[in-house]
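Asks: I'd like to ask some things about the structure below.
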Amino acid sequence: MLGITVAHTVQPAELGFFSTLAACGSLSAAARELGVSTAAVSKRLAQMESRLGLALVIRTTRRMSLTPEGETYLEHARRILAEIDDMERLLGAARGTPQGLLRVNATLGFGRSHVAPVISRFVKLHPQVQVQLQLSVNPPALTEDAFDVCIRFGAPPDTRVIARRIGPNRRLLCAAPAYLARHGEPKLPADLARHNCIGIRQGDEAYGLWRLTAQRGRGQRAEAIKTRGNLTTNDGEIAVLWALDGHGILMRAEWDIARYLKSGRLVQVLPQYATPDADIYAVVPQWHQLSARVRAFVDFIAQAWPQRSSL
């Protein structure tokens, strides 16, 4: 540190003392600043120099100056004290004020249309947080330490993550009125096998296998229907556009098609049958859950989501 063996002789408390002494410019001024006698300051300085085995200060009648070793000691002392202040500030911020880098992951369409606007409002409220939003067709494994918060559909099976449900989300079957006018409307799940169904390949979900359950009656049993069609994509937004163009029947999350159902451009198909839920979850690795920025963001996004079935 100073060109001599001092690792066991530098006392942490003396870093602040020496920094104050140098800033004051004299023993008496330092004594007034520290609220002790000049003799006490002189004694403490002498003890430091004795332990180090070198002089740090050149004393004169009215003022003092630092030796080259004293200048080196002061430079390192101030740097170490600044790093301690930074560490205390960061740790305090982690407990209190949200700040620092927040890494968020979401799927392409949902992230673009719903997560990004929420982040925009969040950073206006917490300007000390820097958010990195990454959108993925195939989301990364939840156990990877690549993100602080991942927005997912369906409760994750992995117990090594914390999942908070932030909103309901149904998958609905739909088609354009023009398609149904040409091909007829299915009355039973089995009828889907005779229709052109728009396929979406995303994540690890079973492709082309739609599971439907009657929403009324007892002894309900899910029916697995193997669908077929001449259009397939890994982009949900494209699949919706194809459905709007009248190419076939689509299974899509309500958040993505609600406006088209409301306007009549799409019509719900087999509304008496339910498909597996795809509720929206904020997923956080266990070791990130105590961060103030993570807690604040998850709370914010949960409050921002409408707690009803239609987004």
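Asks: Points 7 angstrom from Cα along the Cβ direction at residue 211 and residue 82: gap in nanometres?
Replies: Distance between the two pseudo-spin positions: 5.9 nm.
Asks: So what's the net charge close to residue 180: Lys and Arg +1, Asp and Glu -1, counting the other residues with Cβ under 15 Å from its Cβ?
Replies: Result for the local shell: +1.
Asks: Taking all protein chains in place and a 1.4 Å probe, what share, in percent, of the accessible surface of the chain do carbon and sulfur account for? Intermediate results must be reported in sequence, preceding the final value.
Replies: Numbers: 8630 of 16960 Å².
With neighbouring chains kept in place, the figure for the chain is 51 percent.
Asks: On average, how much accessible surface per residue is there in the chain, in Å², for a 1.4 Å probe, leaving out ligands, DNA and RNA?
Replies: Averaged over the residues of the chain, the accessible area is 55 Å².
Asks: Now, a different point. Pulled fully out, how much extra length does the chain show between residue 286 and residue 263, if you take 0.36 nm times their separation in residues and subtract their Cα-Cα distance?
Replies: Using 0.36 nm per residue and subtracting the Cα-Cα distance, I get 4.0 nm.
Asks: Using modelled backbone amide H atoms (1.01 Å from N, in-plane), which distant-in-sequence or interchain residues come within less than 5 Å of residue 169's amide H?
Replies: 278, 279, 280
Asks: Kirkwood Rh, region 116-201, all Cα pairs: how many Å?
Replies: Numbers: mean 1/r = 0.0575 Å⁻¹.
Its Kirkwood hydrodynamic radius stands at 17.4 Å.
Asks: By the scheme Lys and Arg +1, Asp and Glu -1, what is the net charge of all other residues having a beta-carbon under 15 Å from that of residue 192? Display every interim value, and only then the final one.
Replies: Values: positive: 171, 187, 194, 211, 226, 228, 252; negative: 185, 191, 223.
So the environment of residue 192 carries a net charge of +4.
Asks: Now for a separate question. Please list 280, 84 from largest to smallest accessible area, probe radius 1.4 Å, with all protein chains kept in place.
Replies: Heavy-atom accessible area, descending, gives 84, 280.
Asks: Then there is this: Can you list the residues, at least 5 places off or on another chain, whose amide H is less than 5 Å from the amide H of residue 162, using H built in the peptide plane?
Replies: 284, 286
Asks: Roughly how many Å² of residue 245 are accessible to a 1.4 Å probe, to the nearest 10?
Replies: Number for this one is 110 Å².
Asks: Give the residues of region 223-241 whose amide nitrogen is closer than 16 Å to a point set 7 Å from the Cα of residue 182 in the direction of its Cβ.
Replies: 229-232, 241
Asks: Something else now. Can you tell me the Rg and the Dmax, both Å, for the Cα atoms in the chain?
Replies: Looking at the chain, its Cα Rg and Dmax stand at 32.6, 104 Å.
Asks: Using a Debye calculation, one point per C-alpha and no hydration shell, please list log10 I(q)/I(0) for region 14-78 at q = 0.12 Å⁻¹ in order.
Replies: Debye curve over Cα of region 14-78, log10 I(q)/I(0) at q = 0.12 Å⁻¹: -0.24.
Asks: Using modelled backbone amide H atoms (1.01 Å from N, in-plane), which distant-in-sequence or interchain residues come within less than 5 Å of residue 57's amide H?
Replies: The answer is 67.
Asks: Could you please put 291, 50, 42 in sequence from largest to smallest accessible area, using a 1.4 Å probe?
Replies: Reading off the accessible areas and sorting them downward yields 50, 42, 291.
Asks: Hey, rough spin-label estimate for residue 164 and residue 32, points 7 angstrom out along Cα→Cβ, what's it come to in nanometres?
Replies: Between residue 164 and residue 32, the label points sit 5.3 nm apart.
Asks: If you don't mind, another one. Could you identify which residue out of 180, 27, 270 has the top mean-square fluctuation in a GNM of the chain using Cα springs shorter than 10 Å?
Replies: Looking only at 180, 27, 270, the biggest GNM fluctuation is shown by 27.
Asks: Under the rule of -39500 (n - 2.57) per DSSP H run of 4 or more residues, summed and divided by the residues of the chain, what mean residue ellipticity at 222 nm is obtained, to the nearest 500 deg cm²/dmol?
Replies: After summing the helix terms and dividing by residue count, I get -11500 deg cm²/dmol.
Asks: Pick from 232, 60, 107: which residue has the top mean-square fluctuation in a GNM of the chain where Cα pairs under 10 Å get a spring?
Replies: Its mean-square fluctuation being the largest, the pick is 60.
The values are calculated or read from the model by the stated rules, or taken from the named source; none is laboratory data. Remember, it's a predicted structure, so these values are computed and weren't measured experimentally. Ideal geometry is used to build each Cβ from the backbone, glycine not excepted, and the neighbour counts take in all protein chains shown. Heads up: the accessible areas ignore ligands, DNA and RNA and are worked out on the full protein's heavy atoms, side chains in. Shrake-Rupley method; radii C 1.70, N 1.55, O 1.52, S 1.80 Å.
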